[in-house]
1. Within the stretch 56-78, can you find the residues that are in contact with a Ser or Thr (Cβ under 8 Å, 6 or more places away or on another chain) and within 10 Å of the ligand (Cβ to nearest atom)?
2. Name the single residue, out of those in the stretch 32-55 being more than 21 Å from residue 75 (Cβ to Cβ) and within 14 Å of the ligand (Cβ to nearest atom), that is surrounded by the fewest Cβ atoms within 10 Å (Cβ to Cβ).
3. In a helix (DSSP H, G or I) and surrounded by fewer than 18 Cβ atoms within 10 Å (Cβ to Cβ), is that true of residue 76?
4. Mind listing whichever residues of the stretch 56-66 are surrounded by 12 or more Cβ atoms within 10 Å (Cβ to Cβ) and of a type outside the set (Asp, Glu)?
5. Does the stretch 51-60 contain any residue that is among the charged types (D, E, K, R) and closer than 19 Å to residue 12 by Cα?
6. For the stretch 28-50, give me each residue that is more than 10 Å from the chain's Cα centre (by Cα) and under 17 Å from residue 13 (Cβ atoms).
7. Could you please find all residues in the stretch 28-42 being outside any helix (DSSP H, G or I) and of a type in the set (A, V, I, L, M)?
8. Any residue at all in the stretch 1-21 that is modelled with pLDDT of 80 or more and touching a helix residue (DSSP H, G or I) at 6+ places or on another chain (Cβ under 6 Å)?
Amino acid sequence: MAEKQSEKMKKMMAMLSQTRDVELTCDEVFAMLDEFTELAAQGEDVRQLMPLVQQHLDTCPDCRDEYKVLESIVLAGV
Ligand SMILES: [Zn+2]
């Protein structure tokens with residue numbers, strides 16, 4: 001489980017570094033939001049790990065709403 005998670009993380013980081021100067025679309029943010037929410041719930045520094053997702057959430061009310069829903073689910077599940 002932990003290994004799978006870090007594999008996923010590596011892919012994510014590679015993806016993020018490739019698109020570093022590009023803003024994410026809502027679809028891309030949605031695709032990563034599960035991971036982002038779990039990391040945030042675990043107390044990880046998501047601003048550093050997934051700056052583009054954080055940046056998008058800061059500017060997009062739709063995705064922020066979605067994040068809040070996911071967050072409440074993750075927090076309730078932990
Ligand atoms: Zn959005």
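1. 67
2. 55
3. Numbers: in a helix (DSSP H, G or I): yes; surrounded by fewer than 18 Cβ atoms within 10 Å (Cβ to Cβ): yes.
Yes; evaluated as a whole, the condition is true for this residue.
4. 56, 57, 60, 63, 64
5. We begin by selecting, within the stretch 51-60, every residue among the charged types (D, E, K, R); these are 58.
Okay, now just the ones that are also closer than 19 Å to residue 12 by Cα, so none.
Checked against the condition, which is being among the charged types (D, E, K, R) and closer than 19 Å to residue 12 by Cα, the stretch 51-60 yields no hits at all.
6. Passing the criteria: 42, 44, 45, 48.
7. Within the stretch 28-42, none qualify.
8. No, because not a single residue in the stretch 1-21 is modelled with pLDDT of 80 or more and touching a helix residue (DSSP H, G or I) at 6+ places or on another chain (Cβ under 6 Å).
The values are calculated or read from the model by the stated rules, or taken from the named source; none is laboratory data. Everything numeric in this text was worked out from a predicted model, so none of it was measured. Note that each Cβ is placed from the backbone with ideal geometry, even for glycine, and that neighbours are counted across all protein chains shown.
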